[in-house]
Structures are given as structure tokens and as C-alpha cells.
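Undergrad: Dumping the structure here so I can ask a few things about it.
The values are calculated or read from the model by the stated rules, or taken from the named source; none is laboratory data. In this text, all values refer to a predicted model and were calculated from it rather than measured experimentally. Glycine also receives a Cβ, built like all others from the backbone with ideal geometry; neighbour counts cover every protein chain displayed. Ligands, DNA and RNA are stripped out before the accessible areas are found, and what is left, the full protein with its side chains, is counted by its heavy atoms. Shrake-Rupley method; radii C 1.70, N 1.55, O 1.52, S 1.80 Å.
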Amino acid sequence: MKTQTRCVVIGGGIAGCSTLYHLTQEGWTDVVLVERNELTSGTTWHSAAQVTNFGMTQTMVGLKTHSINLYKDLADDPDYPINYHHADGGIRLANTEAQMEGYRHFASMARGMDVHLEVIDADECAKRHPLISTDNLIGGLWDPLDGDIDPAQLCQALARRARKAGAEVYRNTPVTGLTQHADDSWTVHTDKGDIDCEVVVNACGYRVNEVGAMMGVHHPVTSMEHQYFLTEEIPAIKEAGHRMPLLRCPISDYYCRQEKNGLLVGFYEQDCKTWGMDGIDPNFVNALCPDDLDRVTDVLEGAFERMPALMEIGIHTVVNGPITYTIDGAPLVGPIPGKRNAFCIIGLRAGLGEGGGHGWLLAQQIVQGEACYDTWMIDPRRFTGHGNVELCALKAIEDYQNEFRFHFPHEHRPAGRPGKTTPLTPVLEAEGAEFTLVNGWERAEFFKPSPDFHEDYSFKFNNVFGVVKAEVAAIQSGVGLAEVNGFNRFELTGSGTHDFLDRMICGAVPRKSGRIGLGYLLNHHGMLKGEATVANLPASDRGPDRVWYGSAAAAEWHDMDWLQMHLRDDDDVQIRSLTNDQTILVLAGPKARTVLQAVSRADWSATAFSWLSARECFIGVAPATVFSVSFSGELAYEIHIPNAHLNAAYRTLRETGEAYGMVLFGARAVDSMRMEKGFLHWKADILTEFDPFETSLDRFVKMDKPDFVGKDALVRRHETGPTKRLVTLEVQGDLAPAHGGASVMLGTDVVGTVTSGDWGHRVGMNLAYAFVTPDLAKEGTSLDIDIIGHMTPARVIAPSPYDPQMTLPRS
Ligand SMILES: Cc1cc2nc3c(=O)[nH]c(=O)nc-3n(C[C@H](O)[C@H](O)[C@H](O)COP(=O)(O)OP(=O)(O)OC[C@H]3O[C@@H](n4cnc5c(N)ncnc54)[C@H](O)[C@@H]3O)c2cc1C
């Protein structure tokens with residue numbers, strides 16, 4: 001066994017084997033996989049191993065396409081062919097129009113990745129799948145490339161190719177400990193000896209937290225018991241003369257595929273069970289949980305009704321095994337938060353289908369520092385301190401119970417609620433707030449017009465439209481107050497702070513005390529990594545000269561890792577997080593200054609406190625830090641308050657605001673208003689797949705700065721010109737917003753992808769942002785957007801259709 005290598009991958013299921021193989025493809029051939037037993041002795045060996053192309057984001061669709069292409073290539077390898085039923089086709093069923101609308105959106109989104117899903121009616125479903133009844137069926141989504149693969153052969157084939165390229169695989173070699181050294185390298189301890197390496201990868205399936213504990217980390221992954229059964233032969237299958245397409249049913253939550261001349265049917269029952277939460281028997285190897293078909297009778301009935309043939313046929317095998325879930329259903333593939341040179345590929349609940357793609361994206365991240373797609377939706381840092389074992393279990397159960405029921409826009413499910421709250425949460429609830437979750441925080445989304453108001457979740461504009469319209473109108477003509485909790489805020493102190501930020505940000509960094517600027521952080525490929533508001537606070541009795549670095553709530557761990565990673569030993573910079581200590585109250589609208597003046601003694605005139613200023617003060621008796629910045633485009637102030645004083649500040653503002661007709665508003669109104677201003681959201685519009693020029697952020701780049709992270713690469717990119725350009729579009733229709741991922745079309749060609757869409761109530765326009773090919777980015781260009789199956793005309797317009805000169809925030 002080697003004692004030294006570049007990377008040790010721990011775990012020999014699909015996750016580990018795929019990572020190992022892809023590391024060799026990325027050029028790292030001095031790599032090792034260690035497996036405590038034989039390859040595939042965890043979950044992988046008994047997987048139903050369906051391989052679909054369907055995904056709910058373009059990253060998911062893209063990585064699944066990679067799996068499919070790779071598996072096809074492996075299956076066709078004459079030296080080591082493997083069993084892969086490629087392109088049997090598959091149907092996701094629907095019994096409501098709302099589900100069909102969702103499928104139309106997913107088909108529009110997939111088309112942008114060159115994947116052609118088809119929305120078909122009930123008769124067509126029955127034509128393609130001769131065993132199903134069309135009772136209570138409207139139609140479905142057809143995935144032509146759906147299929148299934150032999151999981152053990154797949155892993156062996158990947159390991160074989162990796163070995164051929166130079167990698168080594170050590171079976172029956174349990175990892176017993178991990179030690180990290182001062183230079184961030186690791187020693188992996190096994191019962192056969194130690195291996196020193198630069199990088200470790202946790203790919204340990206349901207034993208993820210045994211290995212996590214070896215590095216002092218808890219990963220938000222819970223295992224659930226999951227069952228399928230195999231039937232005897234069904235004569236109609238043999239007679240059909242073709243393989244049965246796969247079925248996935250969101251009505252009863254089961255799946256079904258052909259196995260020999262019978263069926264394999266798997267269940268996601270309501271009465272489901274977590275597994276291994278209090279420890280796993282070390283001898284649970286190549287093992288299964290006891291059968292328990294009684295638990296799945298609710299779902300079984302649905303499957304029998306859809307496929308009456310099942311009632312006539314015997315079951316010969318039941319498989320019940322552990323399957324891993326995370327808090328939001330997507331796996332954790334990427335850097336381990338707070339650790340250096342440590343990665344994970346865990347929480348895979350559809351690891352056979354996705355594993356090829358996840359290993360590919362992870363290997364790119366390890367070797368190149370970034371993957372070809374934006375990987376935020378699988379980034380392990382997307383859950384922060386709230387991602388604990390209990391929340392994860394509740395969300396895993398909820399997700400399992402809704403396996404094939406996709407979330408509608410703005411839908412946030414109830415398990416584990418309320419999430420993180422501030423002293424204002426119950427106060428706003430009493431005012432009628434409907435809450436959404438932002439990085440685990442309960443944030444007011446809108447204020448219900450009546451206590452029994454419920455949102456009709458839909459891909460179309462729905463009954464919240466009028467509620468948001470009224471909030472926006474009240475802000476535009478008077479003044480509104482909103483709580484923005486969970487906003488990420490770091491305090492940077494030390495003499496090197498500004499030089500450090502100058503190195504991290506590609507544009508100008510304000511250095512003057514009391515001034516604020518917006519900056520963008522790039523990765524080493526010159527692509528967008530982060531967005532930050534930099535505010536210089538003068539020394540006071542609250543602290544020395546310091547900078548507040550503000551970014552999206554979800555960016556808390558991501559940005560902390562990125563900043564810490566770039567600190568040099570001789571930098572005099574200290575970074576501490578204030579994210580959980582402070583909350584923002586936003587005061588917006590033409591009367592905002594009058595209200596602020598009435599609650600705080602300072603001079604708030606435009607000359608004394610101009611746009612982009614920061615100042616400490618008191619709101620009543622509550623200490624506050626006020627920024628004159630505006631995400632709404634109105635005259636506005638961000639008032640940052642320590643949580644202990646939040647209620648006091650709120651009451652002062654609310655009581656004073658009454659005389660000025662102040663309304664409360666929520667995140668949906670903010671989203672509508674920011675679209676009218678051309679303001680972007682991190683990870684909706686600001687993606688690592690694009691550089692700042694492509695994202696139309698040219699004014700935030702200072703190429704004449706001596707250096708900044710990513711500059712060399714950005715210079716090279718700038719010379720070759722953009723691949724896409726972010727534009728604002730006016731959509732000519734009021735049926736539905738253009739949802740993120742929808743395809744932008746020129747005739748039958750896909751020429752772009754929507755990142756955000758919403759109605760702009762002040763300009764009366766249906767607005768969208770999209771990346772389109774640069775030749776189509778000119779104002780006035782006419783395009784179409786495929787919005788839930790409707791080819792909807794859209795026109796490129798100038799960004800910021802509302803108050804483009806920014807006169808209101810400066811007024
Ligand atoms: C009944 C069932 C049906 C499924 N059907 C499908 C499907 O149709 N399609 C699909 O895509 N997915 C399906 N899945 C899910 C899929 O099987 C899993 O997502 C996938 O197998 C997980 O692979 P993994 O490599 O992450 O974990 P595992 O296969 O569990 O591999 C982890 C490996 O790590 C090793 N290990 C653990 N601790 C150590 C240590 N200390 N030292 C060294 N090695 C260690 C283990 O021995 C194990 O081999 C199904 C799952 C179940 C249970």
C-alpha cells in the first residue's frame with residue numbers, strides 16, 4: 001500500500017468510484033481509493049439503479065447527461081461491457097394541470113441543456129406503457145433516455161479505468177482516523193497503515209458521519225429505509241416486444257421499471273422510517289433491513305390501480321436498504337465547510353443515476369478549483385449552522401414522503417418550521433406575515449390581506465399578485481418597513497483590511513470612512529464568485545475603524561471560507577461574523593427620510609447623509625447603524641440593529657410611521673422592485689459560469705488595478721470576448737413569470753436561459769433577466785421565451801426600466 005499520494009477517496013460505492021475515475025481524467029493519477037469492505041458493499045449493491053435525465057435545474061440535467069454518456073461509453077467498451085438498459089424511456093405521471101405546467105417548465109429548462117423531454121397526454125402515456133390504466137391521469141413527462149444499469153458492474157468498470165490510468169484501490173481497508181497537519185495536508189489512518197495526502201474525500205454513503213466525526217464535522221445527512229420488490233414474470237411484458245418504460249408517480253410516490261420479464265416497484269411511503277440515527281452496526285455490510293411491506297400499503301394501492309397486472313402476479317424478492325437524504329433533497333458535493341483540502345460527495349439519494357456526474361463535477365472542483373457548471377445547488381456550504389441532525393431528519397422524512405412531488409415556485413414545506421427567528425418573527429406573524437425560508441431564517445414574504453389567505457401555488461401569476469402590487473404601491477407613494485433577517489455580515493478589522501479587500505474585489509473598494517460600495521469577487525478563472533457590500537464604519541465607542549462586509553444570507557459559510565482561504569500569514573486582518581447578532585430593518589419610500597428624522601436625532605438631509613453613506617446612531621434608544629442604500633430603487637435606508645434591540649427599534653419605527661401611513665412589506669415586493677432596477681441576486685443571476693462582463697457588471701470591474709484574484713484569467717477572457725450576455729427582457733404576456741431556467745428562443749434555436757423573472761408593478765411590465773448570445777443582447781431584439789410551454793414574445797430592453805438615473809435614492 002502507498003504511504004503517500006495526492007488524494008485519498010474514502011468509500012468504494014458509486015460516489016467514490018466515480019470520483020476516483022474522474023480525478024484520473026482531470027490528470028491526477030497518483031490517487032487512491034480505500035474501502036472498508038469490498039467495492040459496492042454499502043447502498044450501491046442493492047440499488048434499483050435507474051438512470052434518468054430529468055432534473056430540476058440545469059446543473060442537475062447537465063450532470064445527469066454526463067452520467068448517461070459515460071455509462072453508455074462504459075457499456076459499449078468491448079473489453080469490459082456492462083449491462084445498461086439505455087433509453088428505455090420513462091414517464092413521470094401527472095393528475096393535475098399544475099403538475100403538467102411544472103413539467104412544461106422543466107422541459108423548457110432541459111432544452112437549454114440539449115435534453116429533449118416531452119410533455120404527453122394520458123393516451124400517449126398508455127400507448128408507450130401498455131401496462132398502465134389512464135384513470136385519474138392527465139398525462140406525463142417523457143424522458144427518452146431513461147434506463148437502468150447494473151450498479152456493481154458500473155463501479156467495477158469505473159475502478160478498472162481509474163486503475164488503468166494509475167489510481168490504486170485498497171479493499172478491506174477501513175479508515176480509522178484522520179489527522180490534518182499545519183500545512184493543511186492530511187494523514188489517513190487505516191488498519192493497514194497510514195497514507196499521507198494533500199486532499200481527502202468523504203464518499204462513505206450512510207457511514208458519512210462516522211468519517212465526518214474523524215475530522216470533527218457533522219454532515220447534514222440522514223438515512224431512510226427504502227424498499228422495492230421484484231415480481232414474477234408478467235406475460236404482457238414478454239408479449240409487448242419492447243422493454244417497458246420506467247414510471248415515476250407523484251400521485252402515490254412509487255417508481256417502477258422492468259426487471260427481466262417482471263417489474264421492480266419501489267415505494268416512498270408516508271409511514272417512513274429513518275435509519276441508523278443512533279449509530280450503525282459495524283457488521284452491517286452487504287446487508288439489508290428487514291422487509292416491511294405492511295408499511296407501504298398506502299402507496300402500494302396506488303401502484304396496483306395504475307398497473308392492474310401487479311394484482312395478478314407474485315412477489316419473489318423484497319429489498320429494504322438505507323438511502324441517504326439531506327435537508328433539501330440534493331446531495332452535498334464539494335468542499336467541506338470550515339476545512340481545507342477536504343471534500344465530500346455524500347447524501348446521494350439517486351446516486352446511481354447522478355453519481356457519474358457528481359464525481360465529474362467534484363473532480364473538477366478538486367483539481368481546477370471550480371466545476372464547469374455552477375454547483376451551488378449541491379454545495380455543502382449551502383446549509384449553515386441550522387443544518388443539525390434533528391432538522392435534517394425532519395426534512396429527510398418530509399422529502400421522502402414527497403419524493404416525486406416537485407416544489408412549486410415559492411413553496412416552502414412545513415417540517416422543521418419555524419426555522420431561525422428574530423424577536424420580530426412573532427410580531428410580524430401577528431401582523432399577518434407569510435414567511436419564506438432564507439438560509440434557515442423565517443423571513444416575511446408578504447403580508448396576508450386576511451388571516452385565512454392562502455397562496456395558490458402555481459407556475460402562473462397567482463393570488464399573491466395583487467397583495468404584492470398593493471405593498472409596492474404603498475412604498476412608492478409613501479413609506480414601507482421590512483425586516484431582512486439573516487443577511488450575511490462580517491466585521492473586518494486590522495490595518496490590512498482595505499488592501500485585503502482590494503485584492504479580493506475586482507472593482508473599486510471604498511476607503512473613505514462612512515462610505516459604502518458594491519464589489520464583486522472572482523475565482524481564479526475570472527468568473528463571478530461573490531457579491532459584497534463594503535461599508536466603512538468610523539471608530540466609535542462601538543469599535544475601532546472597521547469594515548462591514550455584507551452578502552446574501554446563504555453566502556455565510558461560502559464567503560467565510562473564501563475570504564479565510566485568501567488571508568496571508570502577514571495580513572493584519574481579523575474577520576468575525578455578526579450574521580446571527582444583527583438584523584436589518586429597511587425603510588423605503590419617499591417618506592422614509594421623514595420617518596427616520598422623527599426617530600433619530602442626527603441630520604438625515606441628503607447633503608448631510610448622501611446616497612451610499614454609513615453612520616452609527618440610535619433609533620429611539622436602540623443602537624443602530626444606518627446605510628443609505630436601496631434595493632427597491634426608492635429613497636431607502638438599511639437600519640442594522642443588534643437583535644437584543646430589534647423589537648425596541650421596530651416599535652419606535654412602527655409607531656412613528658403610523659402618522660405617515662407606513663406599511664409592512666416582504667421579500668416578494670423586494671424581488672419585484674429589484675427586477676425593475678436591474679439589481680441581481682447571488683446564485684440566481686450571479687453565477688460562477690459567467691464573468692462580470694458577461695453578467696453586464698462592467699462598471700464594477702477596474703482592469704487598471706494592479707492585481708485582484710482572477711485578474712489574469714479575466715484579462716484573457718476579455719480578449720476572447722463574452723460567450724453570453726445578461727440582458728433585461730420585457731415579456732409580452734401576463735400569464736406567468738419567466739421562471740429561472742426557462743429557455744430563450746430564436747425560432748427553434750435555444751439562444752439563452754432565464755435567470756430571474758417577475759412582474760414589475762411600478763412599470764407595469766413582466767420582466768425577465770436572461771443570459772443570451774452576445775449578438776442578441778442589443779436593445780430592441782425580439783426573442784421568445786418558452787414559459788410553461790407557451791412561446792411568449794419578449795424584447796430586450798435597457799436595464800433598470802424604473803428610474804434609470806437613480807434620482808430617487810439620491811433625492
Ligand atoms: C432500495 C434502494 C433503491 C435505490 N434505487 C435507486 C435508483 O433507482 N437510482 C438511483 O440513482 N439511486 C438509487 N438508490 C440510491 C443509490 O443507490 C445511492 O444513492 C448510492 O448507491 C449511494 O452510493 P454511495 O457511494 O454514496 O454510498 P455507498 O454505496 O453506501 O458507498 C459507501 C462506501 O463507503 C464505504 N465506507 C464507509 N465507511 C468507510 C470507512 N471508514 N473506510 C473505508 N470505507 C468506508 C462503505 O463500505 C461503502 O462501500 C437506491 C437506494 C436504495 C436503498
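Undergrad: Per residue, how many Å² of accessible area does the chain show with a 1.4 Å probe? Walk me through the numbers before you get to the answer.
TA: Values: 29950 Å² over 811 residues.
For the chain, the solvent-accessible area averages 37 Å² per residue.
Undergrad: Enter the angle in degrees (range 0 to 90, nearest 10) between the Cα long axis of helix 465-477 and the first principal axis of the Cα atoms of the chain, meaning the one along which they spread out most.
TA: Helix 465-477 and the main axis of the chain meet at about 20 degrees.
Undergrad: Between A648 and A415, what is the label-point separation in nm under the 7 Å Cα-to-beta-carbon projection?
TA: Modelled inter-label distance: 4.1 nm.
Undergrad: Could you tell me which of M675, I195, T755 has its Cα farthest along the dipole of the chain towards the positive end, charges placed at Cβ (Lys, Arg +1; Asp, Glu -1), taken about the Cα centre?
TA: Of the listed residues, the answer is M675.
Undergrad: Among F404, G486, P423, whose Cα lies farthest out toward the positive end of the dipole of segment 374-496, if unit charges sit on the beta carbon of Lys, Arg (+1) and Asp, Glu (-1)?
TA: Result: G486, furthest along the dipole toward the positive end.
Undergrad: May I ask you to compute the full-extension gain from Q368 to D121, defined as 0.36 nm times their residue separation minus their alpha-carbon distance, rounded to one decimal in nm? Walk me through the numbers before you get to the answer.
TA: Values: separation 247, 0.36 × 247 = 88.92 nm, distance 4.46 nm.
Using 0.36 nm per residue and subtracting the Cα-Cα distance, I get 84.5 nm.
Undergrad: Answer with one residue from V727, A162, A649: the one whose Cα lies farthest towards the positive end of the charge dipole of the chain, charges on Cβ with Lys, Arg +1 and Asp, Glu -1.
TA: The residue sitting most towards the positive pole is A649.
Undergrad: Pairing the Cα long axis of helix 646-658 with the longest principal axis of the chain, what angle in degrees results, from 0 to 90 and rounded to the nearest 10?
TA: It is inclined by approximately 60 degrees.
Undergrad: Relative to the longest principal Cα axis of the chain, at what angle does helix 556-566 sit, 0 to 90 degrees, rounded to 10?
TA: 80
Undergrad: Compute, for the chain, the length of the dipole vector about the Cα centre, with Cβ point charges of +1 (Lys, Arg) and -1 (Asp, Glu) only. Units Debye, rounded to 20. Spell out each step's value before the answer.
TA: Details: 71 positive and 106 negative charges, 423 e Å.
Dipole about the Cα centre, nearest 20: 2040 debye.
Undergrad: Going by the alpha-carbon gyration tensor, a ≥ b ≥ c the square roots of its eigenvalues, is segment 624-775 rounded (a/c under 1.5) or, if a/c is not under 1.5, prolate (a/b greater than b/c) versus oblate?
TA: On the way: a/c = 3.13, a/b = 1.46, b/c = 2.14.
Oblate, since a/c reaches 1.5 and b/c is not below a/b.
Undergrad: For n ≥ 4 DSSP H runs only, could you compute -39500 (n - 2.57) per run for the chain, divide by its residues and tell me the 222 nm figure to the nearest 500? Please report the intermediate quantities before stating the final value.
TA: On the way: 19 runs with 204 residues, N = 811.
Estimated from H runs of four or more residues: -7500 deg cm²/dmol.
Undergrad: Could you work out the relative contact order of segment 570-722, using alpha carbon pairs under 8 angstrom and six or more residues apart, expressed as a whole percent? Don't jump to the answer; show the numbers that get you there.
TA: Working: 161 pairs, mean separation 29.8, N = 153.
Normalised by residue count, the contact order of segment 570-722 is 19 percent.
Undergrad: Expected output is a single nm value to one decimal: the length gained when fully extending between D734 and A659, i.e. 0.36 nm times separation in residues minus the C-alpha distance. What is it? Write down the numbers at each step before the final one.
TA: Details: separation 75, 0.36 × 75 = 27.00 nm, distance 3.59 nm.
Residue separation times 0.36 nm, minus the Cα-Cα distance, leaves 23.4 nm.
Undergrad: Over the chain, what is the relative contact order in percent, taking alpha-carbon pairs closer than 8 angstrom and at least six residues apart?
TA: Values: 1894 pairs, mean separation 96.4, N = 811.
That works out to 12 percent.
Undergrad: At what distance in angstrom do the alpha carbon centres of segment 128-178 and segment 1-66 lie from each other?
TA: Here the answer is 11 Å between Cα centres.
Undergrad: On a straight-distance basis, which lysines could pair with K724 in a cross-link, Cα separation under 30 angstrom, same-chain partners fewer than 8 positions away excluded?
TA: K724 reaches K64, K460, K529, K677, K683, K702, K705, K711, K778.
Undergrad: Would you tell me the accessible area of C617, worked out with a 1.4 angstrom probe on the heavy atoms of the protein chains, in Å² to the nearest 10?
TA: 10
Undergrad: Given Cβ point charges of +1 (Lys, Arg) and -1 (Asp, Glu) and nothing else, what value in debye, to the nearest 20, does the dipole of segment 304-360 about its Cα centre take? Mind dumping the intermediate values first?
TA: On the way: 4 positive and 4 negative charges, 78 e Å.
Computed about the Cα centre, the dipole is about 380 debye.
Undergrad: I would also like to ask the following. What is the gain in length, in nm to one decimal, between A430 and K469 on full extension, counting 0.36 nm per residue of separation less the C-alpha to C-alpha distance? Before the final figure, lay out the partial values.
TA: On the way: separation 39, 0.36 × 39 = 14.04 nm, distance 2.13 nm.
Full extension from A430 to K469 adds 11.9 nm.
Undergrad: Could I ask something else about it? Report the relative contact order of segment 681-807, percent, no decimals, based on alpha-carbon pairs under 8 angstrom and at least 6 residues apart. All intermediate terms of the calculation are to be shown ahead of the outcome.
TA: Values: 226 pairs, mean separation 31.4, N = 127.
Over segment 681-807, the number comes to 25 percent.
Undergrad: If you count, for each residue, the other Cβ atoms within 10 Å and average over each peptide, how do 248-255, 118-125 line up from highest to lowest? Intermediate results must be reported in sequence, preceding the final value.
TA: Details: 248-255: 22.2, 118-125: 17.2.
Result, highest mean Cβ count within 10 Å first: 248-255, 118-125.
Undergrad: Please give the FRET efficiency for D571 paired with D278, using the beta carbon to beta carbon distance and R0 = 35 Å, rounded to the nearest 0.05. If you can, show how the numbers build up before the last one.
TA: Details: r = 44 Å, r/R0 = 1.26.
For D571 and D278, the calculated efficiency is 0.20.
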